[in-house]
Amino acid sequence: SETGKTISRLVLLRALLGSVEYWYDQLQQGAEGRIRDRWSELSGVEGRTVYVEGVGDIVRGRVMGIDDDGALLLYLADHTVRRVVAGDVKIRGW
């Protein structure tokens, strides 16, 4: 609906599975850093101020990147860095 075009589910599924297979192969070859860099590049949040809603917790900070374990690194107002491993990331004007 975003593109205004009809897309074959079969074509979409093939593309999705091909991409998953490619990145799985990269992981098997030890390219964790490359995967992390690509994930960060596509996320579009690095350097932006976000808030993350977790279970019973909301954290606001500037995104510094993603660590080796895949956690989001947030620079907080109190000048500390917090690792966030799960939650809904939202970008808002403050």
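Which residue, of 7, 91, 35, is among the hydrophobic types (A, V, I, L, M, F, W, C) and either within 12 Å of the chain's Cα centre (by Cα) or at positive phi (or both)? First the steps, then the outcome.
Values: 7 fails: either within 12 Å of the chain's Cα centre (by Cα) or at positive phi (or both); 91 fails: either within 12 Å of the chain's Cα centre (by Cα) or at positive phi (or both).
Only one candidate passes the filter, namely 35.
Just to be sure I understand the filter: pairs with C-beta atoms under 7 Å, separated by 6 or more residues or on different chains, first member in the stretch 57-76 and of a type in the set (Gly, Ala, Ser), second member open to solvent by less than 90 Å² (accessible area, probe 1.4 Å) and in a loop (DSSP other than H, G, I, E, B). Which pairs pass?
What qualifies is 61/76.
Sort through 21, 53 and tell me the only one that's in a strand (DSSP E or B) and at pLDDT 85 or above. Before the answer, list the steps.
Numbers: 21 fails: in a strand (DSSP E or B).
Selected residue: 53, the only one of 21, 53 that is in a strand (DSSP E or B) and at pLDDT 85 or above.
What do you reckon, is residue 76 open to solvent by less than 40 Å² (accessible area, probe 1.4 Å) and out of contact with any Ser or Thr (no Cβ under 7 Å at 6 or more places or on another chain)? Don't jump to the end; show me each part of the working.
Numbers: open to solvent by less than 40 Å² (accessible area, probe 1.4 Å): yes; out of contact with any Ser or Thr (no Cβ under 7 Å at 6 or more places or on another chain): yes.
So residue 76 fits the description; yes.
Within the stretch 6-45, take every residue that is among the aromatic types (Phe, Trp, Tyr) and open to solvent by 100 Å² or more (accessible area, probe 1.4 Å) and give me the one that is nearest to residue 84 (Cα to Cα).
Of the residues in the stretch 6-45, the ones among the aromatic types (Phe, Trp, Tyr) are 22-24, 39.
Of the ones still in play, those that are also open to solvent by 100 Å² or more (accessible area, probe 1.4 Å) are 24, 39.
On the way: 24: 24, 39: 15 Å.
Applying the filter and picking the extreme gives 39.
Report the residue count in the stretch 23-54 for those that are touching a residue at least 24 places away in the same chain (Cβ under 8 Å) and of a type in the set (A, V, I, L, M).
Residues in the stretch 23-54 being touching a residue at least 24 places away in the same chain (Cβ under 8 Å) and of a type in the set (A, V, I, L, M): 3 in total.
Could you grab me the full set of residues in the stretch 79-94 that are open to solvent by less than 90 Å² (accessible area, probe 1.4 Å) and either among the acidic types (Asp, Glu) or touching a residue at least 24 places away in the same chain (Cβ under 8 Å) (or both)?
Passing the criteria: 84, 86, 87, 89, 90, 91.
Collect the residues in the stretch 67-82 that are in contact with a strand residue (DSSP E or B) (Cβ under 6 Å, 6 or more places away or on another chain) and within 22 Å of residue 35 (Cα to Cα), keeping them in residue-number order.
67, 71, 72, 73, 74, 82
Taking residue 36 and the conditions (1) part of a helix (DSSP H, G or I); (2) under 22 Å from residue 89 (Cβ atoms); (3) modelled with pLDDT of 90 or more, which numbered condition does it fall short on, given that it satisfies the others?
(3)
Out of the residues in the stretch 46-73 that are over 30 Å from residue 22 (Cα atoms) and open to solvent by 70 Å² or more (accessible area, probe 1.4 Å), which is farthest from the chain's Cα centre (by Cα)?
Taking the candidates together, the pick is 56.
The values are calculated or read from the model by the stated rules, or taken from the named source; none is laboratory data. All figures in this text were calculated on a predicted structure; none of them were measured in a lab. All Cβ positions, glycine included, derive from the backbone under ideal geometry; neighbour counts span all protein chains shown. For accessibility, only protein heavy atoms count, side chains too; no ligands or nucleic acids. Shrake-Rupley method; radii C 1.70, N 1.55, O 1.52, S 1.80 Å.
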